[in-house]
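One structure below.
Bear in mind that the values in this text are calculations on the coordinates, not laboratory data. Quantities reported herein were computed from a predicted structural model and do not represent experimental measurements. Quick reminder, even Gly has a Cβ in these numbers, built from the backbone with ideal geometry, and neighbours come from all protein chains shown.
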Amino acid sequence: MTHKTILNETHRALGAKMVDFGGWDMPINYGSQIGEHHAVRRDAGMFDVSHMTVVDLHGARTREFLRHLLANSIDKLKVSGKALYSCMLNEQGGVIDDLIVYYLTEDFFRVVVNASTRDKDLAWIGKQARAFDVKVTERADLSMIAVQGPNARDKVFGLLMPETRAKAAKIGKFVATEGDGLFIARTGYTGEDGFEIIVPEAQAVSLWNRLRDAGVAPAGLGARDTLRLEAGMNLYGQDMDETVTPWEANLGWTVTLDEGRDFIGRGVLEKQKADGGHRVMVGLVMDDKGVLRHGQRVVTRNGDGEILSGSFSPTLGKSIAFARVPAGSSGTLQADIRGKLVPVRVVRYPFVRDGKAGAGV
């Protein structure tokens, strides 16, 4: 059965091309994917991300539970509204999902997980929560709209009541606040500033239309994918999964090996870190014509690797990709494109920062 967000008919009325995405009927674009990409990089665009799963966690031992569940340390969150990005691992250290958790009160945390992993995430979280007497509630009554771009905040501010506008103007990156019936988080998946706004489902269509009237351009999943790749952000199921550890997904910065905290998968991560020699994820740029695509072989002096996410970058005007390669691979590698070996450069990502090419790209 294909799921639909409350905005489905709104997308169709705007002429969106709809596709199946993790069991959801979602807009891939509204006419020009590249135009939508540039709208976000240069002005402001918005995405319906109501297919994402919002989960509320309640209970006196919720923080203790999250210390056990997550590879990153929930104890970094000391002020209400602060958010944390983390991987949730299995016993083998593989990534079940990557997620954002918001600290609201000591007995109330909110987690947002990926749509395609909803069922397994809810089952895993529920199983682990029982030992801590934590109540797990999926919030299917909520929708989410991401507003991103250099002018996104100003356009959102124009729709808020003065008191809410003042609160939203003060929040820093990875912080959330509430007001006007909205949960407003300064987070995103594009590399641009902006907000992810969680709203009661009954208010989502009105908010979308008000944002559009304010000059925020509707954007589909196609632009969201090229934007997040330029920004150096992983896509679950393509750049990582349950067979890949955070070290192998270049997400070591999300792992906190703090003393005395026995989170799920920790032993495997400690051993892998000590042993070294694991696979690594790198950024690639191809200066020749052509497009790097998922599944293409990458040839290195240390053995073969594989393209994970790959696409033409509208901002850079050339092809970029993530690849998983043997540790120690650097410099110029080769991508196998339909049997032809094409040179590609290993670079540090993000590929795009503040709307311009990143260092070394």
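Structure values in brief
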read-out: Proximal lysine pairs, the range 246-357, alpha carbons under 27 Å, eight or more residues apart or interchain; value: 5
read-out: Residues with amide H under 5 Å from that of V280, placed H, sequence gap 5 or more; value: V325, A327
read-out: The chain - convex hull of the alpha-carbon atoms, volume per residue in Å³; value: 139
read-out: Sequence-distant residues sharing a close amide H with H3 (under 5 Å, placed H); value: W24, D25
read-out: Theoretical ellipticity at 222 nm over the chain - DSSP helices of four or more residues, -39500 (n - 2.57) apiece, nearest 500; value: -6500 deg cm²/dmol
read-out: Karplus 3J(HN,Hα) series, Hz, for the range 338-346 with 6.51 cos²θ - 1.76 cosθ + 1.60 (x for Gly, Pro); value: 6, x, 9, 7, 10, x, 9, 9, 7
read-out: Cα centroid separation, the range 154-201 to the range 6-28 (Å); value: 24
read-out: Only Lys, Arg (+1) and Asp, Glu (-1) charged, at Cβ; the range 116-197 dipole about Cα centre in debye; value: 200
read-out: In Hz, Karplus ³J(HN,Hα) per residue of the range 173-179 (6.51, -1.76, 1.60; θ = phi - 60°; x = Gly, Pro); value: 4, 6, 9, 10, 9, 10, x
read-out: Amide H contacts under 5 Å for V49, placed H, 5+ residues apart; value: M144, I145, A146
read-out: Of all DSSP beta bridges in the range 205-361, antiparallel share, percent nearest 5; value: 95
